[in-house]
1. Please report the Cα spread of region 372-431 along all three principal axes, rounded to whole Å, starting with the longest.
2. I'd like to know which of P229, Q285, W252 lies farthest towards the positive end of the charge dipole of region 169-322, counting +1 on Cβ of Lys and Arg and -1 on Cβ of Asp and Glu.
3. Hey, what's the Kirkwood Rh for region 354-459 if you take every pair of different alpha carbons, in angstrom?
4. Could you work out the Kirkwood radius for region 432-517, taking every pair of different alpha carbons, averaging 1/r and inverting it, reported in Å?
5. Could you state the per residue volume, in Å³, of the convex hull enclosing the Cα atoms of region 154-232?
6. In debye, nearest 20: dipole of the chain around its Cα centre with unit charges on the Cβ of K, R (+) and D, E (-)?
7. State the answer as a single residue: which of N408, W428, P116 lies farthest towards the positive end of the charge dipole of the chain, with beta carbon charges of +1 for Lys and Arg and -1 for Asp and Glu, about the Cα centre.
8. Tell me whether region 421-478 comes out rounded, prolate or oblate; compute the Cα gyration tensor, take square roots of the eigenvalues as a ≥ b ≥ c, and use a/c under 1.5 as the rounded threshold.
Amino acid sequence: MSVAVARAKSILQPKLLVPLLLVQMAIVMIVTAVQQTPTIDEPVYVGTAVTYLEQHSLRYNPEHPPLGKLIIASGLALAQPHLDPEFAGNQSELGRHVLYEAGNEPGLLMLLARLPMIVLTLLFGLVVFAFARDLTDTTGGLLALSMFAFSPDVLTHGSLATLDLPTAGFLLTAVWLTWRARTARPWCHLALAGAALGMALATRASALPALPLVLFLAYLSVRRWVVLPLVAGVATVVVWLSYLAVDPGLHWVAPDNMPDIHGWRAVLTDLLPFPEPYRDGMRMQFAMEDSTFRGFLFGERYEGALWYYLPAALLVKTPLGMLAAWIGGLYRTRGVAALYVLVPPALLLAVAMTGARNYGTRYAIVVPLFLAVAAAGLVVVRRMAMVLVIVVAASSMTTFPYYLPYSNEAFGGPSRTHLHLHDANVDWGQDLGRLGRHLRERYPGEPVWLVYKGAGVPEAYAITARNPLLVRPSEVHGLLVVSNSAVALATGRLATLLATSGPPIDEVGHSMSIYRRPSPSP
């Protein structure tokens with residue numbers, strides 16, 4: 001017995017547990033990345049990254065700053081992707097061209113685009129561990145890292161070539177470094193905090209609301225006003241460098257359809273000391289926020305945005321044990337630490353709740369990162385903390401590798417997420433490859449009709465299908481495959497097809513439903 005206890009204690013040492021958690025996380029994310037075909041946003045970022053490598057041009061995807069796409073490009077460079085120098089389509093067409101029309105291997109390109117994000121996510125795991133350890137102790141750091149490593153949202157977006165998780169991770173790093181400045185080498189840590197803040201701003205402009213907060217935390221750490229220009233100046237330099245890394249001459253020409261904004265948004269945009277393409281990108285984002293989008297929550301379709309959408313979506317897509325750990329962390333994190341750990345996610349969540357697009361918890365991905373750190377406060381009740389880690393790990397691991405459509409047990413698990421949410425919460429176009437294999441194995445030779453919500457090209461995955469929305473419903477016979485996001489928002493001809501098809505006979509990846517429509521009677 002003593003030998004077994006000694007072995008158990010040796011396994012639980014931080015030097016072993018930290019790499020163990022990160023290795024299992026890496027394996028899960030790599031397997032997930034290999035099995036998923038491009039999501040809706042990824043081809044745009046991949047195509048833009050290729051233009052960075054080949055043409056040093058900023059003309060594509062200007063609504064987002066370039067750093068995240070430069071990180072994606074670091075992986076793509078290994079494949080030396082082809083791009084027709086005469087290509088002149090829009091950014092959606094660019095992504096399709098690079099992945100499916102230019103002679104590149106789409107599976108290899110997507111894996112190479114996702115690998116740098118996977119590595120970056122693992123590094124953010126070390127930040128979570130270090131931040132929580134600084135606030136509590138080593139055991140608290142392990143508790144926080146466990147919550148991070150088993151978070152379905154983190155595993156989902158950490159394995160994709162997108163911009164949401166890197167932005168949140170850079171912000172977490174900036175806040176942690178301001179905390180570190182309280183106790184050791186303040187000028188060094190604050191300069192690094194400025195760099196991390198600049199990386200967040202250079203990845204997505206949605207990080208801008210955190211700028212004054214990080215500056216305030218930097219001041220709070222050393223009580224010297226001189227730190228404000230230091231942190232802000234370093235952040236500004238990083239933003240500029242990200243643009244100059246793409247195009248050293250900054251040959252930017254604003255699109256002809258550049259929206260015109262007014263009021264406080266115009267004033268804010270004009271005051272920013274960032275490159276003109278950054279400010280033009282903000283103008284595009286503000287214009288999008290003035291648009292009206294369709295949403296879906298708990299089985300109800302609606303127009304516009306619901307202020308409570310993101311909290312509701314987080315409730316569905318967060319493991320129950322993790323919700324309990326968050327609540328405990330909120331209670332245990334007090335005093336000055338609360339300003340660093342709780343205020344940033346609260347602020348960014350509040351801002352995100354005002355957004356026009358109710359598309360997914362990815363807009364609030366900052367919450368699981370910061371609240372993983374907050375959960376370290378439960379270290380004072382170690383048995384409860386251990387139970388919660390086990391519950392969270394079990395809930396997360398049993399959904400492998402379907403992390404994108406995850407929902408917790410109270411809402412029926414991944415197979416029922418589509419009944420409550422849509423878009424990036426469940427069906428982001430990630431299962432086209434799985435669908436191709438599924439049809440070949442189970443339904444060879446049968447006629448297929450497909451309504452696919454995604455950026456992939458069905459033919460690239462050996463899917464031969466017709467569009468049922470181009471013919472009368474009475475002409476649609478055989479297998480009808482519909483992305484669950486399209487089911488959620490179905491109107492008109494698609495709604496008629498679904499109403500006359502009966503219940504689904506099968507599903508793929510919890511994101512696509514398969515119906516059988518009988519052949520006409522002779």
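1. Ordered largest first, region 372-431 gives principal extents of 42, 19, 19 Å.
2. Of the options given, the answer is P229.
3. After inverting the pairwise mean of 1/r, the radius is 16.8 Å.
4. Values: mean 1/r = 0.0781 Å⁻¹.
Mean inverse Cα-Cα distance, inverted, gives 12.8 Å.
5. Convex hull volume per residue, Cα atoms: 81 Å³.
6. Values: 37 positive and 33 negative charges, 403 e Å.
Computed about the Cα centre, the dipole is about 1940 debye.
7. The residue sitting most towards the positive pole is N408.
8. It is oblate, given that a/c is not under 1.5 and a/b is not larger than b/c.
Throughout, read-outs are computed from the coordinates displayed, never taken from laboratory work. Note that the structure is predicted; figures quoted are calculated from it, not measured. Positions of Cβ are backbone-derived with ideal geometry, glycine not excepted, and every protein chain shown enters the neighbour counts.
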